[in-house]
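See below for the structure under consideration.
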Amino acid sequence: MAKKGRTKHLKRIAAAKAIPVTNRKATTWMLNPSPGPHAKKHAIPLGVLLRDILAVVKTAREAKKILSKRLVEVDGRVRTDIRFPVGLMDVISFNKLNKHYRMLVDWKGRLVPMEIGKEEAASKIAKVVGKRTIRGGKLTITLHDGKNMVADNHVKVGDSVVLGLPKGELKQHLKSQKGARCLVSEGKHAGNIVKLKDIVIRKGSKPSEAVVESDGTEFITVAQYLFVVDDDFKIKGKAG
């Protein structure tokens with residue numbers, strides 16, 4: 001018979017590089033992310049985040065218990081699925097503990113939580129990855145976390161928007177333009193805050209490149225790796 005549906009199993013050694021687990025050979029299996037807002041290669045299962053990274057629980061069973069008690073929120077919404085995929089810029093909140101974390105990337109491109117304050121946890125930056133016209137002539141944009149929302153023609157693919165949580169209303173538009181402040185989300189410069197100097201369009205199937213500057217040094221990276229952020233955004237103490 002044909003195989004139907006996804007497998008619930010994932011070998012730890014074959015887990016996505018975005019998951020910052022170091023003991024990949026200690027045990028054979030780990031949680032496989034459920035289908036959700038983030039692609040599997042750019043996501044961490046919520047149970048792995050709670051147990052192996054934040055260490056708020058010791059076992060998967062304990063993780064299931066606190067999730068079933070509705071004690072964990074992602075982007076202001078209660079999540080109870082231990083396999084729920086958590087990705088870049090997501091906000092994880094433990095309201096009873098008054099603890100909030102934003103998912104960022106380190107120098108290896110791995111997803112890591114950074115503790116933030118309650119006020120910061122009330123908003124989220126999302127990257128525009130798609131744009132189309134729907135019935136009635138309205139324009140909708142697709143964000144990197146799977147959300148879709150109505151917008152105007154001023155918002156372009158590659159721009160970012162600041163959303164209020166948990167409703168997801170648009171609060172600010174951040175343009176991808178010369179002088180824009182950006183986070184490098186992938187590649188060998190992952191985790192750096194840079195200033196966009198120029199976009200170089202390549203012919204054929206080659207990806208566009210971006211000339212950026214960080215600490216007075218210019219370098220080139222793939223334009224798709226840039227994630228426009230606002231002036232208040234910080235990553236592990238870096239102001240950029």
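The values are calculated or read from the model by the stated rules, or taken from the named source; none is laboratory data. Because the structure is a prediction, the values reported are computed rather than measured. Every residue, glycine as well, gets a Cβ built from its backbone with ideal geometry; the counts of neighbours run over all protein chains shown.
For every residue, the table says whether it meets (1) under 25 Å from residue 77 (Cα atoms); (2) of a type outside the set (Gly, Ala, Ser).
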{"residue": "171", "(1), (2)": "yes, yes"}
{"residue": "176", "(1), (2)": "no, no"}
{"residue": "179", "(1), (2)": "no, no"}
{"residue": "184", "(1), (2)": "no, yes"}
{"residue": "199", "(1), (2)": "no, yes"}
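Once the range 93-119 is narrowed to residues that are touching a residue at least 24 places away in the same chain (Cβ under 8 Å) and touching a His at 6+ places or on another chain (Cβ under 7 Å), the residue that is surrounded by the most Cβ atoms within 10 Å (Cβ to Cβ) is 93.
Within the range 185-194, is there a residue that is at pLDDT 95 or above and among the charged types (D, E, K, R)? Looking for residues that are at pLDDT 95 or above and among the charged types (D, E, K, R), one finds none in the range 185-194, hence no. Within the range 184-240, if we keep just the residues that are of a type in the set (Ser, Thr, Tyr) and not in a strand (DSSP E or B), the residue that is farthest from residue 117 (Cα to Cα) turns out to be 205.
Here's the yes/no breakdown for (1) outside any helix (DSSP H, G or I); (2) modelled with pLDDT under 85; (3) exposed (fewer than 13 other Cβ atoms within 10 Å of the Cβ):
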site	(1), (2), (3)
19	yes, yes, no
24	yes, yes, no
27	yes, yes, yes
36	yes, no, no
47	no, no, no
52	no, no, no
57	yes, no, no
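So for the range 65-72 (the condition being surrounded by 15 or more Cβ atoms within 10 Å (Cβ to Cβ), in the same structural domain as residue 33 (by TED's automatic domain parsing) and closer than 20 Å to residue 227 by Cβ), does at least one residue qualify? No, the range 65-72 contains no residue that is surrounded by 15 or more Cβ atoms within 10 Å (Cβ to Cβ), in the same structural domain as residue 33 (by TED's automatic domain parsing) and closer than 20 Å to residue 227 by Cβ.
For residue 10, the conditions (1) under 26 Å from residue 126 (Cβ atoms); (2) modelled with pLDDT under 95; (3) assigned to a strand (DSSP E or B) all hold with the exception of (1).
Kindly indicate the residue of the range 140-167 that is without any contact (Cβ under 8 Å) to a residue 24 or more places away in the chain and surrounded by 15 or more Cβ atoms within 10 Å (Cβ to Cβ) and also farthest from residue 101 (Cα to Cα) among those meeting that condition. Restricting to residues being without any contact (Cβ under 8 Å) to a residue 24 or more places away in the chain and surrounded by 15 or more Cβ atoms within 10 Å (Cβ to Cβ), the top hit is 151.
In summary, residue 79 fulfils each of the numbered conditions (1) surrounded by 14 or more Cβ atoms within 10 Å (Cβ to Cβ); (2) modelled with pLDDT under 95; (3) farther than 22 Å from residue 187 by Cα; (4) not assigned by TED's automatic domain parsing to the domain that holds residue 156 with the single exception of condition (2).
Checking each residue of the range 168-185 against the condition of being in contact with a helix residue (DSSP H, G or I) (Cβ under 6 Å, 6 or more places away or on another chain) and either closer than 29 Å to residue 36 by Cβ or without any contact (Cβ under 8 Å) to a residue 24 or more places away in the chain (or both) gives at least one match.
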